[in-house]
Every structure is written in C-alpha cells, then in structure tokens.
Amino acid sequence: MSGATTAMSQIAVEPPSIPVDVVAHEVSAQFGLSGTLAPLVSEYDQNFSMTTADGPRYVVKIVGTIEAPASTDFQIAALLHLEAAGLEHVPRIIRTRAGELFAYIECDGVNHRLRIVTYLDGTLLRQSGANPLLARDFGRQLAELDLALNDFSHAGEERPLIWDMQKAADLRALGVHISDASLRKQVDSVLRTLKSQVLPLLAGLRHQVIHNDANPENILVDRSGAVSGIIDFTDMIRAPLIVEVAVAAAYLRSDGADPVQLIAPFVSGYHEKCSLEDQEIGLLFDLVRTRLAMTISMLYWRLSARDADDPYRQKTLQGEGGATRFLQALNSLGKDAFLERVTQELALP
C-alpha cells in the first residue's frame, strides 16, 4: 500500500502558483533573461515558455515541493551528460549569471528551485499525429537517447516515482475509483499479471537510466515529419531498458484494424539502433498493457481528486481517454498475435 499511498499524495499536491511578474523579475535578476512568459500545464511544477525580444525561447521551470532536491539534481546531471555526449534534440541547461545550474524563488515562505532550459522547436507528436515512417524514426531517436544514457548514473536515480512501472502493482489500490466494473477487472488482471509473471523476469534484464515518459506530449516533430526533440525528463528513473520501449509504445495507439501498426515499426526502429534481446521482446506485450493500466488507474483517481476545472485534469482527460480503448484492443488481439507482428517487423530489411 505504500506505493499507492505515495501515488495518491503526489497527485493531490498542487504545483506552485507564483505570479508571472514575480517569476519574470527573478528570471531577469538571476539569469539575465527577459521576455514574454506563457504558462504551460504541468502536473507538479509551475512551468512557462519564455520568448525573448531577440528571438531565443526558453522553458522556465519552478520545481514543486513534491520533488526532492536529489531528483532535480538527477535531471540536471542527465541533461549535462547528454550535452557532453553530443546528443542533439534534447534541452540544454541555462546557467545563472553566477554560473549556477539553478536559482531559487520564494513563494509563501517556501524556496523553490528555479530552472531554465532551452526551448526546442517543433510540433508535438500529439498534434502532428504518427504514421509508420515517423514511428520508426521515433524508435531510432529514443534508442540513441538510451545509448547516450547507458553509462550515466546518479544518486537520484533510485527514487519513489508515481510512474515507476516496477511498482505498478501497488496501483491496484486505486481500482476502487474505476467506475466501470468490466474495465476495473481488466486493469486488475493486468497488474496482477505484472506482479506474478513479469516482475520476476524483469529483475534479470539489463537496467539503466531511462527517460520513462516518451509520450506524444514530450516528442517533437519537424516539418519534414522527423522527430526533432525529446523533452521533459521529470520522470527519469533507473529501470529495465525494455520499460522505455513499452512506455513509448503504449502511446502509439491505433484505432484501425491493426492496433500494432505503429508499435511494430517503432520497436523495429529502436532495435535497429539498440538491439533488443529476445526475452525483452517477449515481455513487451504485458509491459505495454501495464502502462495502459497505470494510465487508466491514475486517470480515474484524478477524476476523483481534482476539481472539474483543474487544468491538468482537463489535459489528462483529453490525452488519455484512448487508453481504455487501446487496452481493450490489445486484449482482443492477444499476446501471440502481438509478438508475431512485432517480430515480423524486426525481420524486415
């Protein structure tokens, strides 16, 4: 129950709410940047996009109280590691006037960490939509990110996280909020399968730091239809590498007759750059369903825990409503057919 309790407390915590003029003043004073600030919807933090008069854009992040300092340091260190590795298409850290990696901003007697990173151009994958060609490129880009993170470690990587798939079975306690009895049963079945059949096998697979949230809100696409950026490293964690693939695949949802038409080329593109082991591929079906079960559990909890006009609640409803349909589509397809489609794609030249 401890994992579920942590999940509930994290969802219930509101992000900071510092007036825009105060944020603008501190950004100018401590980072030497000025421009127009526009709010961005966020789960735990208070975020803004910032457009300067001379053109460059940035993301201003005020870290919420739910995030431990070690977790913030972890994210910063990872971005610095990726910069040193020469990886493109990820944000860069902006330092303060004094050369520090972050500053502080006060709100109601609490000092919050104030961070700034570069703003990456592109259209959100959620807005552009995916196709098999883009899905394959997405797989390649995510694999390159993971290869760059392969030798990265940090004290903050082992942390309690609401979206840690290794702890997803704890979310069974949230099932009471799923009003549809049939759906509640499906979700519970997936989470029980994870605990009894999948987790014992995951323990023996390769682990590393992963992004852990490559969803369509965090993937940018350029005008040519190629992936141009991967953003938001808030949910990074050390986990089995195949979890990275499963998380992203869970958001490549198709309403057509073939629910794997985007997942199969995505996995193939990933495998092209970072070869997946047979046992990892064999667990992919259950892991994709686990992420969907987590999403559904969290969605129904948010419905009960947040006000009707809560911005993050509204955004979640819009973005995650398809998780139920996709879980049901995968259940109808079955594990054998899923794996057959994926492995067929891996065999293509």
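Structure values in brief
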quantity	calculated
Net charge dipole size for the chain [Lys, Arg +1 and Asp, Glu -1 on Cβ; Debye, nearest 20]	560
Mean Cβ count within 10 Å, highest first, over the residues of peptides 248-255, 147-154, 197-204	248-255, 147-154, 197-204
Full-extension gain in nm, Ser49 to Asp151, via 0.36 nm per residue minus C-alpha separation	33.6 nm
Residue-by-residue Karplus 3J(HN,Hα) for region 125-142, coefficients 6.51, -1.76, 1.60, Hz, glycine and proline x	4, 4, 8, 6, x, 10, 9, x, 5, 5, 4, 5, 5, 4, x, 4, 5, 5
Over the chain: Kirkwood hydrodynamic radius from C-alpha pairwise inverse distances, Å	20.9
Anisotropy class of region 121-262 from Cα gyration tensor, a/c 1.5 cut	oblate
Total lysine pairs under 21 Å (Cα atoms) in the chain, excluding pairs fewer than 8 apart on one chain	6
Chain lengthening between Ala38 and Ser17 when straightened (0.36 nm per residue, less Cα-Cα)	6.2 nm
Rounded, prolate or oblate (a/c below 1.5 giving rounded, otherwise prolate when a/b exceeds b/c) for region 148-229 by Cα gyration tensor	oblate
Whole-number percent relative contact order across region 123-346, with pairs defined as alpha carbons under 8 Å at least 6 apart	29
For region 14-118: rounded, prolate or oblate by the Cα gyration tensor [a/c cutoff 1.5]	oblate
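Values in this text are rule-based calculations from the coordinates and carry no lab data. These figures come from a predicted structure and were not determined experimentally. A quick note on method: Cβ atoms are made from the backbone with ideal geometry, for glycine too, and the neighbour counts reach across all protein chains shown.
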